[in-house]
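The values are calculated or read from the model by the stated rules, or taken from the named source; none is laboratory data. Note that this is a predicted model, so its numbers are computed, not measured. Cβ coordinates were reconstructed from backbone atoms using ideal geometry, including for glycine residues, and neighbour counts include every protein chain displayed.
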Amino acid sequence: MCEDISKATHSSKTHYTVLMGDFNAKLGTRKNSELKVGKFGIGQRNPRGQQLADFMEKEGLFMMYSFFQKRPHRKWTWSSPDGSTKNEIDFIMTTRRQLFSDVSVIAKVKTGSDHRMVRGTLNAN
């Protein structure tokens, strides 16, 4: 999947790149030397999360949710069928960190899915 995304993002000329979606990866909190992950990540990183972190570093992508402090109930994007497990696996990434002034989860909208919608506010400047 990372190869396909990389090919797609490099095949067209743009000022900024924004990637959004369900990556089924738990990125968790920032590791020591990472610059592309902010200090407000949650949870533990899994192997797919490490693969995503490596991809972000290679592609110059910032994980936007991790740069905005939110209450725990405003961070998770997926819930297990019994509601006992909640993870953050849906993300917005961009090549320019200043492009977003906020990223959060919309908790009140019921989509009929086990995922919650992620909203990003773009800077218009």
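Go through segment 71-97 residue by residue and tally those that are modelled with pLDDT of 90 or more and among the basic types (Lys, Arg).
2
Considering each of SER104, SER84, SER113 in turn, give the residue that is among the small types (Gly, Ala, Ser), surrounded by 15 or more Cβ atoms within 10 Å (Cβ to Cβ) and on the phi < 0 side of the Ramachandran plot.
Among SER104, SER84, SER113, only SER104 is among the small types (Gly, Ala, Ser), surrounded by 15 or more Cβ atoms within 10 Å (Cβ to Cβ) and on the phi < 0 side of the Ramachandran plot.
On the phi < 0 side of the Ramachandran plot, polar (S, T, N, Q) and surrounded by fewer than 17 Cβ atoms within 10 Å (Cβ to Cβ): does that describe SER12?
It is true that SER12 is on the phi < 0 side of the Ramachandran plot, polar (S, T, N, Q) and surrounded by fewer than 17 Cβ atoms within 10 Å (Cβ to Cβ).
Restricting the search to segment 5-32, which residues are closer than 21 Å to ARG119 by Cβ and of a type in the set (A, V, I, L, M, F, W, C)?
VAL18, LEU19, MET20, PHE23, ALA25, LEU27
Could you check segment 42-72 and list, in sequence order, the residues that are without any contact (Cβ under 8 Å) to a residue 40 or more places away in the chain, part of a loop (DSSP other than H, G, I, E, B) and either buried (at least 16 other Cβ atoms within 10 Å of the Cβ) or acidic (Asp, Glu) (or both)?
ARG45, ASN46, PHE68
Might you check whether a residue that is touching a helix residue (DSSP H, G or I) at 6+ places or on another chain (Cβ under 6 Å) and hydrophobic (A, V, I, L, M, F, W, C) occurs anywhere in segment 69-86?
no
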